[in-house]
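A.B. asks: What follows is a single structure, and I will ask about it in a moment.
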Amino acid sequence: MTRRTRIAVKVAVWTACLTPLALLGWRAVSDDLTANPIDFITDWLGRWTMRLLLASLALTPVRILTGWGWPIAFRRLLGLFAFFHGTLHFGVWIVVDHYFAWARMGEDILKRPYITVGVTALVLMVPLALTSTAGMIRRLGGRNWNRLHRLVYVTAVLAVLHFMWLAKTGRIEQYLYALIVAVVLGVRVAAAARRMVARSSPRGPRTGPPDPRTLGEVEGTSASPRTRGAPRAID
Ligand code: HEM
C-alpha cells in the first residue's frame, strides 16, 4: 500500500470512528433525541461500543481468510474507540441514570445480571486499553501481550449477553451481533486447530515463513524476539 493510500485509509477510519459521536451531538443540538433522551443516548452509545468492538475483532479473521495484513493495523484504534464509547455509555449510567448514588449502583450491579455482565465486559477492556501503547507491547513481549489481549473475546461474549438480556422482544440486532462473535471465534479456533495439526504432523513443524492465513495474532512482527507476535498499530 502506498503512503498516500495509507493516509487516506487512516483518515477514513478516524472519520468513521468519530461519526457516531458527531451524529449524536447533531441530534442533541437539533433537539432530536426522542421522547426519552437518556434511554436514547445510552442505547446509542451501547450500540456503537458493540459495533466498534466487533469491527476490531473482525480484522483478525479477515486477515486469516484473505491473507491481507494491512487492516490489522487498525485493530488497536477500533478497540480504543470501542472502549471510549463504552466508558461514555457507563458514564451516562453513573451520572444521568444514578447521579453518583454509589450504593444504588452497587445494588444494581449485584442484582441485575445484564448490568453485572455489562460492567464485567467494560472492566475487562481496561487492561486492554492500558496495554495498548507500543511501550507496553514491548514491555510485556508479543506473546504475553497476545495472551492478555485474548480477553477481548470474553468481553465480546459478555457484551452480546448484556445486549441479549436487555433487548426488547421482536428485535433481531442482538442475534446478528451474536452470530458475528460466533463466526469470529470460529475462524480463530479453526486457524488454531490447523496450526496444531500442522505442528503434530509426522513431517514435524513446518519450517520457513509462516502462512499468514493460518496465523492468529501474529501480525506486523517486529525484529525483536521480545515483541515478536505483537501487533503494529496505526493511530
Ligand atoms: C462493553 C461494554 C458494553 C456494551 C458493548 C454494551 C452494549 C449495550 C447495547 C448494545 C445497548 C443497547 C440495547 C438496546 O438498544 O436495547 C446497551 C444498553 C444499556 N446498557 Fe450497555 N453495554 C456495555 C456496558 C454497560 C455498562 C458498564 C453498563 C452500566 C453499568 C451498561 C448499562 C446499560 C443500560 C442501562 C442500557 C439501557 C437499557 C435500556 O434501554 O433500558 N452497559 N448496552
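The values are calculated or read from the model by the stated rules, or taken from the named source; none is laboratory data. Keep in mind the model is a prediction, meaning the values are calculated, not measured. Methodologically, a virtual Cβ is constructed for each residue, glycine included, from the backbone with ideal geometry; neighbour enumeration extends over all protein chains shown.
A.B. asks: Considering 59, 52, which residue is surrounded by 14 or more Cβ atoms within 10 Å (Cβ to Cβ) and in contact with a Pro (Cβ under 6 Å, 6 or more places away or on another chain)? Give the steps one after another, and end with the answer.
C.D. replies: Numbers: 52 fails: in contact with a Pro (Cβ under 6 Å, 6 or more places away or on another chain).
Just one listed residue meets the conditions, 59.
A.B. asks: Those residues that are outside any helix (DSSP H, G or I), out of contact with any helix residue (DSSP H, G or I) (no Cβ under 7 Å at 6 or more places or on another chain) and within 16 Å of the ligand (Cβ to nearest atom), I need them from region 1-60; list them, please. Spell out how you get there, then give the answer.
C.D. replies: First, pick out the residues of region 1-60 that are outside any helix (DSSP H, G or I): 1-2, 30-36.
Adding the requirement that they be out of contact with any helix residue (DSSP H, G or I) (no Cβ under 7 Å at 6 or more places or on another chain) leaves 2, 30-32, 35-36.
If the condition is that a residue be outside any helix (DSSP H, G or I), out of contact with any helix residue (DSSP H, G or I) (no Cβ under 7 Å at 6 or more places or on another chain) and within 16 Å of the ligand (Cβ to nearest atom), then 35, 36 are the ones that fit.
A.B. asks: Further question on the same structure: Which of the helices (runs of 4 or more DSSP H) contained wholly in region 80-175 include at least 1 residues that are surrounded by fewer than 19 Cβ atoms within 10 Å (Cβ to Cβ) and in contact (Cβ under 8 Å) with a residue 24 or more places away in the chain? Please lay out each step first, then the result.
C.D. replies: On the way: elements: 102-111, 113-130, 134-140, 142-149, 151-166.
So the answer is 113-130, 134-140, 142-149, 151-166.
A.B. asks: Out of 230, 156, which single residue is within 29 Å of residue 87 (Cα to Cα), modelled with pLDDT of 95 or more and touching a helix residue (DSSP H, G or I) at 6+ places or on another chain (Cβ under 8 Å)? Steps first, answer last, please.
C.D. replies: Numbers: 230 fails: modelled with pLDDT of 95 or more.
Result: 156 is the single residue among 230, 156 that is within 29 Å of residue 87 (Cα to Cα), modelled with pLDDT of 95 or more and touching a helix residue (DSSP H, G or I) at 6+ places or on another chain (Cβ under 8 Å).
A.B. asks: For region 61-79, give me the residue count where each residue is hydrophobic (A, V, I, L, M, F, W, C), away from the ligand (no atom under 14 Å from the Cβ) and either closer than 20 Å to residue 23 by Cα or not in a helix (DSSP H, G or I) (or both). Steps first, please.
C.D. replies: As a first pass, look at region 61-79 and keep what is hydrophobic (A, V, I, L, M, F, W, C): 62, 64-65, 68, 70, 72-74, 77-78.
Okay, now just the ones that are also away from the ligand (no atom under 14 Å from the Cβ), so 62, 64-65, 68, 70, 72-74, 77.
Then drop every residue that is not either closer than 20 Å to residue 23 by Cα or not in a helix (DSSP H, G or I) (or both), which leaves 68, 77.
Qualifying residue count for the region: 2.
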